[in-house]
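The values are calculated or read from the model by the stated rules, or taken from the named source; none is laboratory data. Note that the structure is predicted; figures quoted are calculated from it, not measured. As a convention, Cβ positions derive from the backbone with ideal geometry for all residues, glycine included, and neighbour counts pool all protein chains shown. Areas reflect the complete protein model, heavy atoms only, side chains present, ligands, DNA and RNA absent. Shrake-Rupley method; radii C 1.70, N 1.55, O 1.52, S 1.80 Å.
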Amino acid sequence: MEYLTTLINEIYKILFLVIPILVSVAMIVWLDRRVWGLVQKRRGPNVVGPFGLFQTLADALKYIFKEIIIPASANKTIFILAPIITMTLALVAWAVIPLSETLVLSNINVGILYLFAISSLGVYGIIMGGWASNSKYPFLGAIRSAAQMVSYEVSIGIIIINVLLCVGSLNLNDIVLSQKNLWYVIPLFPMFVVFFISALAETNRPPFDLPEAEAELVAGYQTEYSGMMYAMFWLGEYANILLMCAMGSILFLGGWLPPLDIYPLNIVPAPFWMIFKILFLFFLFAIIKAIVPRYRYDQLMRLGWKVFLPFSLIYVVLTASFLLYFDKLPKGSF
Amino acid sequence: MLAHAIFFYFFSILAIFSALMVITSRSTVNSVFFLILDFISVGCLFIMVGAEFLGMILLIVYVGAVAVLFLFVVMMLNVAQQKQSWFVGQKSTHIPSGLIVSVLILLELLVVVGGWKYKENIMSSSNLVIDTSITNTHSIGSVMYTDYILYFQLSGVILLLSMVGAIILTYRKRENVKTQSYLKQISRDKASAVMLKDVEFNKGVKIDD
């Protein structure tokens, strides 16, 4: 009986985490297309519902009613598994994201490692989808994107080390609390920029959307997918983008902390600040999609391995020696 | 405790099952996928013991990086075809050498496992002093960077050496490959890039040399 109540309690909590995320993913797709439209002096989606807010719901409905086509030569199991894995991984990572000091599903010791591990697993959805389709364009797209994601993970890992040097703990709440006096975006500004660009590459967003470069690869690894399975890839992608924004705001923008601990700002509830920061980062993602042309593949690899990796390594040495010289290294555990 | 046991048996059965599937499944790509499942379930077992740092590192390093490269190689090389030509073809020279290696490994295992004696209470876990105020990331770090710093650094150097070696072995300079030189592009100016030419009729101009 005791187990049953715990189980029901946990499922209840998980549902209350997952459903708002799915709804916000739908809203964020609308925001993305709207910003994209406005930058190009178009209106963007504005017909379905107030301001076109229900556009994504209408799209999702359309996808649900479309037929799911599985190619005859595809590897059926893996073909079906791929979008499920993408979607699940994108949602599972949200378990450790703190929206306030107490509002977090599981406050684990190695939160940031967990996030990093889950985001590095994200590549499997793409490889599996591309390979199982048994067709040239998806396979090429999958290989490209796997190489891209593995490359940029390296620099994201080293950027995380930079932040961890200043914090001295892998717990996400500790990372946020240690930014009480100074957000890490100020002392580690170059790392914030590198993190942001790597996050663009990690989530396959323009200007790094090579896996699905329409002009070269039709739609990359999604070419053979249709109906709800395509929609799952698509939702997973946007949930991943939101996750990267959340990670950026926790690591550099002080998570759920208000910008200044003064009267009108600190009565605003903590989750509001977190959501505001995630939306701000997402707005940057959306603007960049609209204003930057696509990278060529060799340029992408050069940027990852020859520019970001050495630069962030040098910054690790700099941060470490600064902390050591001024005796600012975090002491012990929190 | 019950839930703990259920999860333990779930993950360990999954680990053993997928380890068996790695060596028995017909398609090589499938066996790589089962290898990944094996890594993940072992990682979950690590987390269940409370070694969350090790579990996460296992996920990041093996699943996130090593297995991706495995998958890459297996998908690109079409190993199934090679297996066909190695073991089924007329002149199969690989079976004898494979047999020798596997018999040797079996003998080694027999020697090691045969000499294994059960000793009671050599290190009972109840006698261990565990400081719960320190997270296991901290304690691993404090052991690794004090008592075992030499071995730790040496293994890093060995990894670096093998990396350099692999790059030297595979690197070859190819001729006539067009690459983008950023320095060249940036240092172009009007004087060197634009010129005025009188073009003779029916001759044209030679560019790009």
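Quick check on my filter: what residues within segment B:163-189 are β-branched (V, I, T) and either more than 14 Å from every other protein chain (Cβ to nearest Cβ) or not in a loop (DSSP other than H, G, I, E, B) (or both)? Spell out how you get there, then give the answer.
The initial filter retains those residues of segment B:163-189 that are β-branched (V, I, T), namely B:164, B:167-168, B:170, B:177, B:179, B:186.
Scanning segment B:163-189 gives B:V164, B:I167, B:I168, B:T170, B:I186.
Specify which of the listed residues (A:F282, A:F276) is away from every other protein chain (no Cβ under 14 Å), closer than 16 Å to A:V25 by Cα, within 20 Å of the chain's Cα centre (by Cα) and free of Cβ contacts under 8 Å to residues at least 24 places away in the same chain.
Values: A:F282 fails: free of Cβ contacts under 8 Å to residues at least 24 places away in the same chain.
Only one candidate passes the filter, namely A:F276.
Among the helices (runs of 4 or more DSSP H) contained in segment A:1-92, which hold 3 or more residues that are touching a Lys or Arg at 6+ places or on another chain (Cβ under 9 Å)?
Values: elements: A:2-39, A:55-65, A:76-92.
Hits in segment A:1-92: A:2-39.
Hey, could you check segment A:107-143 for residues that are assigned to a loop (DSSP other than H, G, I, E, B) and of a type in the set (A, V, I, L, M) and say which is farthest from the other protein chains (Cβ to nearest Cβ)?
The initial filter retains those residues of segment A:107-143 that are assigned to a loop (DSSP other than H, G, I, E, B), namely A:107-110, A:122, A:133-135.
Filter once more, keeping what is of a type in the set (A, V, I, L, M): A:108, A:110.
Working: A:I108: 7, A:V110: 5 Å.
The qualifying residue farthest from the other protein chains (Cβ to nearest Cβ) is A:I108.
How many residues does segment B:77-103 hold that are farther than 30 Å from A:F139 by Cβ and modelled with pLDDT of 60 or more? Even if it seems obvious, please write down each step before you answer.
Here is the first cut: in segment B:77-103, the residues farther than 30 Å from A:F139 by Cβ are B:90-93, B:95-103.
From what is left, the residues that are modelled with pLDDT of 60 or more are B:91-93, B:95-103.
Going through segment B:77-103 one residue at a time, the tally reaches 12.
Consider A:R296 carefully, then state whether it is open to solvent by 90 Å² or more (accessible area, probe 1.4 Å) and among the charged types (D, E, K, R). Before the answer, list the steps.
Numbers: open to solvent by 90 Å² or more (accessible area, probe 1.4 Å): yes; among the charged types (D, E, K, R): yes.
In short, yes.
Just for segment B:104-154: of the residues that are of a type in the set (G, A, S) and under 24 Å from A:N171 (Cα atoms), which one is modelled with the lowest pLDDT? Reasoning before the result, please.
Residues of segment B:104-154 that are of a type in the set (G, A, S), as a first pass: B:114-115, B:124-126, B:133, B:139, B:141-142.
Now drop any that are not under 24 Å from A:N171 (Cα atoms), which leaves B:133, B:139, B:141-142.
Values: B:S133: 74, B:S139: 82, B:G141: 83, B:S142: 83.
Per the stated criteria, the residue is B:S133.
Sort out which residues of segment A:209-232 are buried (at least 23 other Cβ atoms within 10 Å of the Cβ) and of a type in the set (F, W, Y), and write them in order of number.
Matches in segment A:209-232: A:Y221, A:Y225.
Which ones in segment B:4-14 are at pLDDT below 90 and exposed (fewer than 12 other Cβ atoms within 10 Å of the Cβ)?
Result: B:H4, B:A5, B:I6.
For A:I267, which of the numbered conditions (1) more than 14 Å from chain B (Cβ to nearest Cβ); (2) in contact with a Leu (Cβ under 9 Å, 6 or more places away or on another chain) fails to hold?
(2)
Among the candidates A:L99, A:L115, A:L164, single out the residue that is surrounded by fewer than 21 Cβ atoms within 10 Å (Cβ to Cβ) and within 20 Å of the chain's Cα centre (by Cα). Walk me through how you get there before you give the answer.
Working: A:L99 fails: surrounded by fewer than 21 Cβ atoms within 10 Å (Cβ to Cβ); A:L115 fails: surrounded by fewer than 21 Cβ atoms within 10 Å (Cβ to Cβ).
Of A:L99, A:L115, A:L164, the one residue that is surrounded by fewer than 21 Cβ atoms within 10 Å (Cβ to Cβ) and within 20 Å of the chain's Cα centre (by Cα) is A:L164.
Going by what's in this entry, would A:S151 be described as buried (at least 23 other Cβ atoms within 10 Å of the Cβ), within 20 Å of the chain's Cα centre (by Cα) and either part of a helix (DSSP H, G or I) or at pLDDT 85 or above (or both)?
Values: buried (at least 23 other Cβ atoms within 10 Å of the Cβ): no; within 20 Å of the chain's Cα centre (by Cα): yes; either part of a helix (DSSP H, G or I) or at pLDDT 85 or above (or both): yes.
In short, no.
Is segment A:154-164 home to any residue that is facing another protein chain (nearest Cβ under 9 Å) and in contact (Cβ under 8 Å) with a residue 60 or more places away in the chain? It would help to see each step written out before you state the result.
Initially, segment A:154-164 is screened for residues facing another protein chain (nearest Cβ under 9 Å), giving A:154, A:157.
Still in the running and in contact (Cβ under 8 Å) with a residue 60 or more places away in the chain: A:154.
Yes; the residues of segment A:154-164 include at least one that is facing another protein chain (nearest Cβ under 9 Å) and in contact (Cβ under 8 Å) with a residue 60 or more places away in the chain.
Out of (1) over 20 Å from the mean Cα position of the chain (by Cα); (2) crowded, with 19+ Cβ neighbours inside 10 Å, what's the single condition that is false for A:I241?
Tallying (1) over 20 Å from the mean Cα position of the chain (by Cα); (2) crowded, with 19+ Cβ neighbours inside 10 Å, A:I241 fails exactly one: (1).
Within segment B:10-28, can one find any residue that is closer than 30 Å to A:E2 by Cα, of a type in the set (V, I, T), in a helix (DSSP H, G or I) and within 20 Å of the chain's Cα centre (by Cα)?
Initially, segment B:10-28 is screened for residues closer than 30 Å to A:E2 by Cα, giving B:10-15.
If we keep only those that are of a type in the set (V, I, T) too, we end up with B:13.
From what's left, in a helix (DSSP H, G or I): B:13.
Still in the list and also within 20 Å of the chain's Cα centre (by Cα): none.
Within segment B:10-28, none of the residues are closer than 30 Å to A:E2 by Cα, of a type in the set (V, I, T), in a helix (DSSP H, G or I) and within 20 Å of the chain's Cα centre (by Cα).
Does A:I197 satisfy being open to solvent by 40 Å² or more (accessible area, probe 1.4 Å), more than 13 Å from every other protein chain (Cβ to nearest Cβ), of a type in the set (A, V, I, L, M, F, W, C) and under 22 Å from A:G304 (Cβ atoms)? Talk me through it step by step, then tell me what you get.
Working: open to solvent by 40 Å² or more (accessible area, probe 1.4 Å): yes; more than 13 Å from every other protein chain (Cβ to nearest Cβ): yes; of a type in the set (A, V, I, L, M, F, W, C): yes; under 22 Å from A:G304 (Cβ atoms): yes.
Yes; evaluated as a whole, the condition is true for this residue.
Take segment B:15-48 and flag every residue that is open to solvent by 50 Å² or more (accessible area, probe 1.4 Å) and more than 14 Å from every other protein chain (Cβ to nearest Cβ).
Answer for segment B:15-48, where residues must be open to solvent by 50 Å² or more (accessible area, probe 1.4 Å) and more than 14 Å from every other protein chain (Cβ to nearest Cβ): B:I16, B:F17, B:L20, B:I23, B:T24.
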